[in-house]
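To start, the structure itself, in structure tokens.
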Amino acid sequence: MNQYKILSWTALLISLVLLILPRIVPICTGLAGGVQPMQCHYAYQAEFIVTLLAVILSGSLFVLTTSEARLLNGLVILLLGGIILILPQPWAIGICPEAGACHKTTFFITIGGGLLTLTGALLIWLNSRKSRGEIQ
Amino acid sequence: MTLQRYSVFAIILFLIGVFTLFSGFNRAPFRQTPNQEHPAQHSQALPEQTQTAAAICSPVRQ
């Protein structure tokens with residue numbers, strides 16, 4: 001299996017894990033004041049959409065044929081990984097200020113987001129080498 | 001699989017995802033009990049402090 005296939009599968013697996021992570025490691029299930037969802041709910045609703053897009057783009061790595069398209073795809077995956085890291089930050093949407101279930105979820109999603117970003121970077125590097133003709 | 005066929009699949013997957021988000025299947029369901037969520041809000045706090053702590057952990061910033 002070549003390097004590109006390995007990276008494609010890695011990106012797809014990481015994205016799928018990130019997509020279902022809030023079900024496996026749930027965020028806060030309480031309501032603020034018994035009425036309204038807390039900040040972490042909105043952060044993880046946004047995370048779901050972003051990870052869904054990451055899954056779709058990771059899947060498309062298997063059908064793209066040109067190095068340019070694969071490079072662009074890797075770039076978008078890198079940016080999506082960055083967004084996954086940014087959303088739980090207090091200056092973005094944020095999570096609960098006190099320690100809670102959402103902090104545990106955020107710990108794992110930070111690891112996953114970092115790995116996805118790294119995978120995107122490796123895809124860019126690999127396909128920039130290919131498009132320059134250095135490797136086949 | 002061609003890119004065109006994958007695009008159709010991707011749109012369907014996206015719509016399924018949006019429906020999942022809308023219906024709430026993507027997260028654990030909300031608790032219906034009025035129990036406090038965070039340890040900082042438990043026991044030691046006076047009722048006013050508990051309400052203040054709940055307000056801090058709330059929701060959407062204006």
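We did not get these values from a lab; they are worked out from the coordinates using the rules stated. Fair warning: this is a prediction, and the values are worked out from it, not measured in the lab. Cβ coordinates were reconstructed from backbone atoms using ideal geometry, including for glycine residues, and neighbour counts include every protein chain displayed.
The table below lists the values:
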read-out: Of the chymotrypsin sites (Phe, Trp or Tyr not before Pro) in the stretch A:4-113, those whose Cβ has at most 12 other Cβ within 10 Å and which sit in DSSP loop; value: A:W91
read-out: Dipole magnitude of chain A, debye to nearest 20 (Cβ charges: Lys/Arg +1, Asp/Glu -1, about Cα centre); value: 340
read-out: Derived scalar couplings ³J(HN,Hα) [the stretch A:58-67; Karplus, 6.51 cos²θ - 1.76 cosθ + 1.60; whole Hz; x for Gly, Pro]; value: 5, x, 5, 4, 7, 10, 6, 10, 8, 5
read-out: Choice from A:V35, A:V25, A:V17 showing the highest fluctuation, given a GNM over chain A with Cα pairs closer than 10 Å; value: A:V35
read-out: Quarter of Cα convex hull surface for the stretch A:37-131, i.e. mean projection, nm²; value: 6.0
